[in-house]
Amino acid sequence: MVAGLALPLPEGIMIRIKTATACLVILTVLLAAIYLPALYGKLFFERIRKTALFYSPVIKDFIYTEKIVGEVPEIAKQKAEDHHADIAYRDREGNWYTRQEFEKMLPFIYYKNMELWGLLPLHLGGRILDKETIQKNRQVMELRRGDISDHKPLTPLWPLLESKPAQARLVFPADRFRMTDTAMEFVNADYNMVDQKLTNLFTSALRKKGFRFPARSVNGKYTILKPFDEGVFLVDQNWHVFHVKRVSGQPQVVKTPIDPALKTRYMKISESRRREYYGLLLGGDGSLHAMTYDNYRLIPIPIKNYVPDEMDFKLIINPLYRTAIYSDDAVVRALVMDLDYQPIAEYEYQMSRSIRTAAHEACDFLFPYTVTAEKRPGGYFRLGWKWGGTLSLLGILCTLIGFAIFLKIRRERFPRLAEIILILLTGVYGLLAVHIIEES
């Protein structure tokens, strides 16, 4: 080698250098598209809870509370006698309330406060409602999008509690069960061994009732923090629903009359001392039903535009009404029904959390797209892609012009064709990649 003499690099080394450069660019752009918007969001976006929407039996209209986004109106400050001024308490007509006025319009939810304020018993709907009546006739059932079994990671081992324990509280059994292609198989959790006797006992009981393996789903509430246990509901291969309980150590199996044509997708079981509903049933067509203790009779909930994979649902039950409330990330909807689930009124509201601010516009300008790696409802992390919109095109153009001006002033050159193409395709992410390559 001659000192100071530039010799051409071997072709293989050049290929490796180009490959390494391309990999560095791709990795830089990908990581920047994930973390730069995330950092921006941490600094400039406020996490705002969903709007809480209700139906008031007092004024017979919809009311809601939410965080105010942007400038706080003067009327909100005037009503902030007992709460922060940036919290709104309003009705559908736009009237503002104090927190206490708001709670008085929801006496079935805030009945304990009503008692403290000396406002019980209530005289509503032609009835006299005291504390005991309210307690006996109120219930809330929820189905969140993350609850649905195919939306969350599952360990296919479930406890089947003793429904009639010889003590005051429920306890977890020493075994767990799983559904195989041919059996309801019990595994002793202490010894990690199949309990063949228990397996044969429950599998035989299921087969005698007409259960067809393998099971499509297992549905239950797997906790001892409930007033009693209703066992589990199994959907067999033919879409029939079976109710299975462990009673004094023996299987109790009921083949329910639920129509298999419904193709039950998921059941949210909710044991309540009222013993009116087992819980909520989601059909394969997206329909939602309340499952009653009246021989498993299903009551269709007549809501519109409900998308179970994208929305959270809540059914509020009180002595006078049934109110269905469901929402995605931007819009909350409500349907109030009578005691027979006949619609009375409905309302749709754009939540304050969906309002676009200057920070959102700046985000679109700075970042042409965002690669999201967020935790979804149910526990999964999902990679996603979000395009910044037409404002991003202006941001890319400004980035390229700024880069060209910088190079001309500091390096006395214009951008190379590869640099121009990279920035046009990736915006500020490509600019960062170019800087890293220049420095390396």
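Okay, here's what the table says:
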{"item": "Relative packing of peptides 347-357, 100-110 - highest average C-beta neighbours within 10 Å first", "result": "100-110, 347-357"}
{"item": "Proxy reagent accessibility, fewest Cβ within 10 Å first, across 222, 35, 306", "result": "35, 222, 306"}
{"item": "Value of relative contact order over the range 139-317, rounded to a whole percent, pairs C-alpha under 8 Å and six or more apart", "result": "21"}
{"item": "Choice from 322, 49, 413 with maximal GNM fluctuation in the chain (Cα, 10 Å cutoff)", "result": "413"}
{"item": "Cross-link partners of residue 221 among aspartates and glutamates (Cα-Cα below 14 Å; sequence separation of 8 or more within a chain)", "result": "142, 147, 162, 229, 230, 271"}
{"item": "The range 314-440 - percent relative contact order, Cα under 8 Å, separation 6 or more", "result": "14"}
{"item": "Value at 222 nm in deg cm²/dmol, rounded to 500, when DSSP H runs of n ≥ 4 in the chain each add -39,500 (n - 2.57)", "result": "-8500 deg cm²/dmol"}
{"item": "Most mobile of 273, 47, 176 in a GNM of the chain (Cα contacts under 10 Å)", "result": "47"}
{"item": "Shape of the range 52-136, Cα gyration tensor, a/c cut at 1.5", "result": "prolate"}
{"item": "Nearest 10 degrees, 0 to 90: helix 417-426 Cα axis against the chain principal axis", "result": "20"}
{"item": "Degrees between helix 196-208 axis and first principal axis of the chain (Cα, 0 to 90, nearest 10)", "result": "70"}
{"item": "Members of 164/208; 50/263; 112/136 lying beyond 21 Å, as alpha-carbon distances in this model show", "result": "164/208; 50/263"}
{"item": "Normalised per residue, the volume of the convex hull around the Cα set of the range 41-184 (Å³)", "result": "244"}
{"item": "Fraction of the pair-distance distribution of the chain above 38 Å, Cα-Cα pairs, percent", "result": "47"}
{"item": "Under 30 Å from residue 408, Cα to Cα: lysines that are on another chain or at least 8 residues apart", "result": "18"}
{"item": "Neighbour-count ranking [beta-carbon atoms within 10 angstrom, fewest first] of 14, 311", "result": "14, 311"}
{"item": "Shape category assigned to the range 129-174 from the gyration tensor of Cα positions, a/c cut at 1.5", "result": "oblate"}
{"item": "Order of 149, 217 - criterion: other Cβ atoms within 10 Å of each residue's Cβ, fewest first", "result": "149, 217"}
{"item": "Zone of residue 61's modelled label, taken as backbone nitrogen in the range 311-335 under 18 Å from a point 7 Å along Cα→Cβ", "result": "334-335"}
{"item": "Distance between modelled label sites at residue 30 and residue 158, nm, 7 Å Cα→Cβ extension", "result": "3.8"}
{"item": "Straight-distance crosslink candidates among lysines, where the alpha carbon sits under 19 Å from residue 77 and sequence neighbours closer than 8 are dropped", "result": "67"}
{"item": "The chain: most fluctuating residue of 146, 279, 249 per GNM, C-alpha cutoff 10 Å", "result": "249"}
{"item": "Rel. contact order, % - alpha carbon contacts under 8 angstrom, at least six apart, the chain", "result": "14"}
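Where a number appears in this text, it was derived from the coordinates with a stated rule and is not lab data. Here the structure is a predicted model, which means the values were calculated and not measured. FYI the Cβ positions are ideal-geometry reconstructions off the backbone, even for glycines, and counts take in every protein chain you see.
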